[in-house]
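Below you'll find the structure, written out as structure tokens, and then a few comments.
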């Protein structure tokens, strides 16, 4: 156990960017909007988080800036997909390209710099608990915030009026509209907040995890988060499970590389992507009916009041 | 006062053309603003792009060289997009196609050019088709999201390529560069007209014609278009969507795989890491901008090729990251998507 413990600790840390991105996307998709631009938004979040930490002198300023930049990108996506009813798949691809390119261009002067970043902070008392104290409560505040977010979202989506309105906009916008809910407004709001959370996931990579910026540093994590949303069947708690599973595989392959395993590094680096496919297959084949039942019924379909029958 | 959108009864072809052209223009303007904010003179940047892409006969031929794989891969993804199956994996399929072609050269070299090239093409087509077929099969059988599987397969293909060029296939005399030995002469597609344009261009014209007929003049094309437009209607008409998904993905991947082989056999003459420069993703824009019309994609691919050549010019001449061209690609897509709204709707201002 003692030898495995550091792997679990690292798995939580390396799963946290994916967790934020997955939670953000769950919020957006539950409202009926599909945002596939996660990879681009994460990269923009990573860059703005890093740059703002550097100039603002505090990692918290960096994280706030990342959220704001993500929210702005979410606004673009909301305008195109909610107001103009554009194809959301293509729109997401456009966001991926734009975010990848813009972060590379704007970040070219930050390459090679490091920041102090956010340090870890053990929660008094409970971090002394055996095993789980080390794994979950000797991390940094962004990890603790993600725990809180998981439970907050569970509660919000299923136990509060605004949460139910959100789900109504994603499941049956026509009925939601008949109830007098502002469907477009709801979709805007959660696309913007969701994208902000996605950008926080990116910022976690540059501000907390690596403490540097590199072009394309998310390496497909945005897309993996899209997969994790399905794996989690839109359930925040299960999203945490998926994210840590990914983090575990990532940590495992890094350790193997560091330990000088005889398997070549490129083959080890395939593991997270391979696992994403397997996990998706497992959930789609095993619980296919549950996936189609949990998917927001109007996901990705624009809604216009004028087209009511 | 309030704005109201009214559906247009029809949108004539000239309007489609005008909105697309205007969208691209607006995208370039927005890109210019972004460049300016980054301390880069947009005029200098665009001048560099134009000059490097269209400046001379040689530059034009280089643009065509870049456009060639783009056009082929865009034909590939177009086929799947027509039935609203999102093959985002053109990149990975081209990579495994190139990998398979290189494997044939390495393990079964023959002296006769026609024999060698057809073996390579066959291997590339099957490898690409297989790679996309995996995603197609998973979708057809278990409804696994094909966007994610094709994307993950891109990353896996990239690592696979790295494994071979850094590992067992590395040329010992390459001074540590991740590349294989140069292909034997029989494995090279001949260049044409004294430029780097190679015979793959004939294949492109042929494929474009075939796709144009397949999509718009055959029952197969009609069925996949119906499935894309209205899956429910297709089901009621007795069309088996799921069976078609696997077939469409296989053909789509096969074409992309062929593009990969053309790149290594016609242009580079060896397999090396990072040879594809994200053609697979740019091809998606080409497919969308050409409104899924194969013949139109030839022109759009050429213009996008210009942007790629321009991207290199920005990198070499102005020291900007290669990815800068992606900003323009993303913006063009954004504005074209937005522009489509104004093709389909008329915006009215109501008083009161």
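Every listed requirement among (1) within 11 Å of chain A (Cβ to nearest Cβ); (2) over 30 Å from residue B:40 (Cα atoms); (3) assigned to a helix (DSSP H, G or I) is met by residue B:347 save one, (3).
For segment B:138-177, a residue qualifies if it is more than 9 Å from chain A (Cβ to nearest Cβ), buried (at least 20 other Cβ atoms within 10 Å of the Cβ), more than 17 Å from residue B:84 (Cβ to Cβ) and out of contact with any strand residue (DSSP E or B) (no Cβ under 9 Å at 6 or more places or on another chain), and exactly one does: B:157.
Can you report the number of residues in segment A:107-127 which are at the interface with another protein chain (Cβ under 9 Å from one of its Cβ atoms) and either more than 30 Å from residue A:79 (Cβ to Cβ) or surrounded by 21 or more Cβ atoms within 10 Å (Cβ to Cβ) (or both)? Number satisfying all stated conditions: 1. Is it the case that some residue within segment B:67-84 is without any contact (Cβ under 8 Å) to a residue 60 or more places away in the chain and either more than 14 Å from the chain's Cα centre (by Cα) or buried (at least 24 other Cβ atoms within 10 Å of the Cβ) (or both)? No, the conditions are met nowhere in segment B:67-84. Quick check: anything in segment B:318-340 assigned to a helix (DSSP H, G or I), touching a residue at least 40 places away in the same chain (Cβ under 8 Å), farther than 27 Å from residue B:45 by Cα and over 19 Å from the mean Cα position of the chain (by Cα)? Yes - at least one qualifying residue is present in segment B:318-340.
Residue count for segment B:293-317 satisfying the condition of being within 13 Å of another protein chain (Cβ to nearest Cβ) and free of Cβ contacts under 8 Å to residues at least 12 places away in the same chain: 1.
Taking segment A:204-218 as the range and being more than 25 Å from residue B:147 (Cβ to Cβ) and either assigned to a helix (DSSP H, G or I) or touching a residue at least 12 places away in the same chain (Cβ under 8 Å) (or both) as the test, the residues that pass are A:206, A:207, A:208, A:209, A:211, A:212, A:213, A:214. Looking only at segment B:114-160, count how many residues are part of a helix (DSSP H, G or I) and within 21 Å of the chain's Cα centre (by Cα). Number of matching residues: 32. Looking at the structure I just gave you, is residue B:200 within 16 Å of the chain's Cα centre (by Cα) and surrounded by 17 or more Cβ atoms within 10 Å (Cβ to Cβ)? It is true that residue B:200 is within 16 Å of the chain's Cα centre (by Cα) and surrounded by 17 or more Cβ atoms within 10 Å (Cβ to Cβ).
Inside segment A:219-248, residues that are away from every other protein chain (no Cβ under 12 Å) and not in a helix (DSSP H, G or I) make up a count of 4. For the residues B:268, B:343, B:315, the requirement of being out of contact with any helix residue (DSSP H, G or I) (no Cβ under 7 Å at 6 or more places or on another chain) and outside the structural domain of residue B:194 (by TED's automatic domain parsing) singles out B:315. With respect to (1) more than 9 Å from chain B (Cβ to nearest Cβ); (2) in contact with a helix residue (DSSP H, G or I) (Cβ under 8 Å, 6 or more places away or on another chain), the lone exception for residue A:277 is condition (1).
The values are calculated or read from the model by the stated rules, or taken from the named source; none is laboratory data. Keep in mind it's a predicted model, so treat the numbers as computed, not measured. With ideal geometry, Cβ positions are generated from the backbone for all residues, glycine too; neighbour counts draw on all protein chains shown.
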